[in-house]
Amino acid sequence: MRLAAICFSHMPSHPLLSGPANSPWRHRFAVLTALATLLLIGMGGLVTSNEAGMSVPDWPTSNGYNMFALPIKFWKGGIFYEHTHRLWASLVGVLVVALTRWLGGRASRRPLAIIGLAEVLAGCGIFLLWPNLRATGHFLTGIGGVVLLAALVWARNAPPKPPLVQLGWLAFALVQFQGLLGGLRVVLFDSEIGIFHAALAQLFFVLLCVIALLTSKWWQNGNIKHRTPNIEHRIVSQATEPRSFDVRCSMFSVRYFPNALFLFATGLIFLQLVLGATMRHQHAGLAIPDFPLAYGRIWPATDAASVASYNEHRMELTAANPITAFQIDLQMAHRVVAVLILAAVIGCSWSAFRNFTWRSPLTKLAALWLGLILVQVALGAATIWSKKAADIATAHVLVGAVSLAAGALSCIICFRNPEPARAVVVSPAGAGGPASRSFAAKTAPAQ
Amino acid sequence: MTKLFSLLAAAGIAVSLQPVSAGEITGTVTLNGTPPAEIPITPLKDDPTCGKMYTAMPTTHFYVVGPNKGLGDVVVMLKGISGKSTGASAPPVVLDQKGCLYEPQILAIQTSQKLIVKNSDPVLHNVHDTPTASGNKEYNQAQMPGSPDLTFTFPEAENFLRFKCDVHPWMFAWVTIVDHPYFAVTDKDGNFKIGNVPPGRYTITALHRKAAPDGVDKEIEVKDGEPVKVDFTITLK
């Protein structure tokens, strides 16, 4: 944890924190891309909840058609969920390419042009050399065309700060990798790729949320400004908020504990999402059909005879695999981790409430986070009580994604200024304002 | 007299040509215990196209139990025999997609025997087998209404290989692949008959997808031309 704090402690000196000049439309576009990605995660949740992942057996074609030309008469049953997921993923891909271009500014033109041209040429080469891979060639050419187009527009972008550029490029790489994973899951019949695809989707969404945060005016005109390379930080409190959030965040960092708790809770949520993705991609339905008990007990029996008995009495509507002891243990682990997350997020909210005013952004975010976790617990229970109804299970996935993003953003905000001992507090009008007094009162040794 | 000798000679030849070394195994599989109630397939009835094919709510049929507790859809087969498949020359077996359900839901074939999958529905299905034996290959193919039948063969024995349709996730069937011809699937009253079994001592097993996925075993001896009766009782835990 100390290591994490040390790592983050360098953030104030990093250009990431000061960021590029404000560009509200770029920020709005980043928010739009993040929201589109959240919707994509929801659509992916609908695909697995409806056991429709393999309903379109081919990729990048759809039932032999060009993906974008599949007649609507085929958009039925599981095909509807899978095909709309593919189309929306393509749209998200286009948005991310545009965002990369927007974040990268003028300097991104050449690499995007090279990548786009390479993809177009590779696509043309594939469908000329291997006729049986014609569809793949067309698809790659199409992607290259979009990238090439992005390179040709917005030539007059203001040069941005490098870290946001790098995050943009990371998103650019991830969205293409993620698309490839989705396709490989279909053509290689590999459920484990599906688990990785689902987990990476969550991280990708977090990345876009971070980009949205760092491009925001709130962040770029934030209260903390780095004044000297490694000695002092100027903390400018807002006149409207005497107990400045940033000052309080510094107090957190002095103690390390709350930061650690935020990080711990966020890590647990990611672990939980991986567990959830593993459960979903086992295609075994509900391994435990009751809640809060499990097969009528606090901890279910998982010996061979008991598991055989569970399978005898399961009456599933889908082609669910028989459950195994591993899957029962997995769901129990999911429940245990849920309790840990709830406790950790309650701890985070309580810490924020104790150390900040209610008006502090971190307190508000922590309260929202706790609310999300409570909703998530309710949705988890409802998923079981509804026998894994697709809409409820999908809502469970969506709220999980938002909870992870809320935790990640809380961590970034909280770790923003971990060197309070070196801080100099000034009010907008100069030193000696209410915030500096408040901070001084907190940090001065007792006399 | 000549006629009498001729008749006796013909009878002798006919008897000698009979597969005297083959036996027949018959029996009944009975369910002991009350199975869970079948559940309505609501998504099927709610489907705009498939639902039109039903006036009443279709239900699952995991437990096909006759009036005398005879259990249908049980695969009964000899164990411990391999490499005796006659599947390559055996007639194909048909698995139909009808009313947005697989028909039959449980069937058994030999290794290398052709399995013909038909689509009798006016809707697109995808035919997706999900084998667990390494030698059997997973396929996933769209089958438009009225399109040609699909043919599958599997080289390795496997119990309850699942076929499913991901477009309509309530559609599934289980195909047991056996490496010899000595097997049968019980009818709705739980009866089965396995013919042409060579004499010898065998382990015979009864597999039910839900109640006995690993099988209930019995030891039997098949003697020259003598029918053998074996009854199984599968008890719900």
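The values are calculated or read from the model by the stated rules, or taken from the named source; none is laboratory data. Note that this is a predicted model, so its numbers are computed, not measured. So basically every Cβ, Gly included, is an ideal-geometry build from the backbone, and we count neighbours across all protein chains shown. Note: accessible area is taken over every heavy atom of the protein model, side chains too, but ligands, DNA and RNA are not part of it. Shrake-Rupley method; radii C 1.70, N 1.55, O 1.52, S 1.80 Å.
Screening the candidates A:Arg354, A:Arg359 for the property of being in contact (Cβ under 8 Å) with a residue 40 or more places away in the chain and among the charged types (D, E, K, R) yields one hit, A:Arg359. Exactly one residue out of B:Lys69, B:Lys52 is open to solvent by 30 Å² or more (accessible area, probe 1.4 Å), away from chain A (no Cβ under 12 Å), within 23 Å of B:Lys229 (Cα to Cα) and of a type outside the set (Asp, Glu), and it is B:Lys69. Looking at segment A:396-410 only, could you name the residues that are small (Gly, Ala, Ser) and either under 11 Å from the mean Cα position of the chain (by Cα) or open to solvent by 30 Å² or more (accessible area, probe 1.4 Å) (or both)? Matches in segment A:396-410: A:Gly400, A:Ala401, A:Ser403, A:Ala405, A:Ala406, A:Gly407, A:Ala408.
Identify, please: which residue in segment B:125-135 is of a type outside the set (A, V, I, L, M, F, W, C) and open to solvent by less than 10 Å² (accessible area, probe 1.4 Å) and is, among those, nearest to the chain's Cα centre (by Cα)? Among those residues, the one meeting the criterion is B:Asp129. When segment A:287-339 is limited to residues that are part of a helix (DSSP H, G or I), surrounded by fewer than 16 Cβ atoms within 10 Å (Cβ to Cβ) and of a type in the set (Val, Ile, Thr), the one that is farthest from the other protein chains (Cβ to nearest Cβ) turns out to be A:Val339. Scanning segment B:101-124 for residues that are under 16 Å from B:Tyr63 (Cα atoms) and either open to solvent by less than 20 Å² (accessible area, probe 1.4 Å) or away from chain A (no Cβ under 14 Å) (or both) yields B:Tyr102, B:Glu103, B:Pro104, B:Ile106, B:Leu107.
Hey, among B:Leu150, B:Leu161, which residue is open to solvent by less than 40 Å² (accessible area, probe 1.4 Å), more than 9 Å from chain A (Cβ to nearest Cβ) and within 17 Å of the chain's Cα centre (by Cα)? Lay out the reasoning, then the answer.
Details: B:Leu150 fails: within 17 Å of the chain's Cα centre (by Cα).
Within the list B:Leu150, B:Leu161, the selection yields B:Leu161.
Criterion first (in the same structural domain as A:Leu91 (by TED's automatic domain parsing), touching a residue at least 60 places away in the same chain (Cβ under 8 Å) and buried (at least 22 other Cβ atoms within 10 Å of the Cβ)) does A:Ala198 satisfy it?
Yes, satisfied.
I'm trying to understand the selection: among the residues of segment B:70-107, which are among the hydroxyl-bearing types (Ser, Thr, Tyr) and either on the phi > 0 side of the Ramachandran plot or more than 17 Å from the chain's Cα centre (by Cα) (or both)? Can you show your working first?
Just the residues of segment B:70-107 that are among the hydroxyl-bearing types (Ser, Thr, Tyr), to begin with: B:82, B:85-86, B:89, B:102.
Those that are among the hydroxyl-bearing types (Ser, Thr, Tyr) and either on the phi > 0 side of the Ramachandran plot or more than 17 Å from the chain's Cα centre (by Cα) (or both): B:Ser82, B:Ser89.
Do we have any residue at all in segment A:318-328 that's out of contact with any helix residue (DSSP H, G or I) (no Cβ under 7 Å at 6 or more places or on another chain) and over 30 Å from B:Asn32 (Cβ atoms)? Within segment A:318-328, not a single residue is out of contact with any helix residue (DSSP H, G or I) (no Cβ under 7 Å at 6 or more places or on another chain) and over 30 Å from B:Asn32 (Cβ atoms).
Restricting attention to segment B:190-200, does a residue exist that is within 27 Å of A:Ala320 (Cα to Cα) and either within 13 Å of another protein chain (Cβ to nearest Cβ) or assigned to a loop (DSSP other than H, G, I, E, B) (or both)? Yes, segment B:190-200 contains a residue that is within 27 Å of A:Ala320 (Cα to Cα) and either within 13 Å of another protein chain (Cβ to nearest Cβ) or assigned to a loop (DSSP other than H, G, I, E, B) (or both).
Would you say B:Ala212 is within 10 Å of another protein chain (Cβ to nearest Cβ), surrounded by 21 or more Cβ atoms within 10 Å (Cβ to Cβ) and over 30 Å from B:Asp46 (Cα atoms)? Yes, satisfied.
Evaluating A:Val120 against the criteria (1) at pLDDT 90 or above; (2) buried (at least 22 other Cβ atoms within 10 Å of the Cβ); (3) away from chain B (no Cβ under 14 Å) leaves one unmet condition, (2).
Looking only at residues of segment B:20-49 that are free of Cβ contacts under 8 Å to residues at least 40 places away in the same chain and in contact with a helix residue (DSSP H, G or I) (Cβ under 9 Å, 6 or more places away or on another chain), we find that the one that is nearest to the other protein chains (Cβ to nearest Cβ) is B:Pro36. Please work out if B:Val123 is of a type outside the set (D, E, K, R), in contact with a Pro (Cβ under 8 Å, 6 or more places away or on another chain) and touching a residue at least 40 places away in the same chain (Cβ under 8 Å). In short, yes. Looking across segment B:107-136, the residues that are out of contact with any strand residue (DSSP E or B) (no Cβ under 8 Å at 6 or more places or on another chain) and farther than 19 Å from A:Gly77 by Cα come down to B:Ser112, B:Ser134, B:Gly135. The residues of segment A:50-85 that are open to solvent by less than 20 Å² (accessible area, probe 1.4 Å), within 11 Å of chain B (Cβ to nearest Cβ) and not in a loop (DSSP other than H, G, I, E, B), listed by number, are A:Ser62, A:Gly78, A:Ile79, A:Glu82, A:His83. Highlighted here are the strands (runs of 3 or more DSSP E) found entirely within segment B:66-169 that include at least 3 residues which are among the aliphatic types (A, V, I, L, M): B:74-79, B:93-98, B:106-110, B:115-119.
Could you please find all residues in segment B:202-236 being outside any strand (DSSP E or B) and either without any contact (Cβ under 8 Å) to a residue 24 or more places away in the chain or under 18 Å from B:Ile106 (Cβ atoms) (or both)?
Kept after step one, since they are outside any strand (DSSP E or B), are these residues of segment B:202-236: B:209-211, B:223-227, B:230-231, B:236.
The answer is B:Arg209, B:Lys210, B:Ala211, B:Leu236.
Test A:Val56 against the stated conditions and say whether it is assigned by TED's automatic domain parsing to the domain that holds A:Phe204, of a type in the set (Val, Ile, Thr) and out of contact with any Lys or Arg (no Cβ under 9 Å at 6 or more places or on another chain).
Values: assigned by TED's automatic domain parsing to the domain that holds A:Phe204: yes; of a type in the set (Val, Ile, Thr): yes; out of contact with any Lys or Arg (no Cβ under 9 Å at 6 or more places or on another chain): no.
Judged against the criteria, A:Val56 is not a match.
Annotation: A:Val274 fulfils all but one of (1) touching a helix residue (DSSP H, G or I) at 6+ places or on another chain (Cβ under 7 Å); (2) open to solvent by less than 30 Å² (accessible area, probe 1.4 Å); the unmet one is (2).
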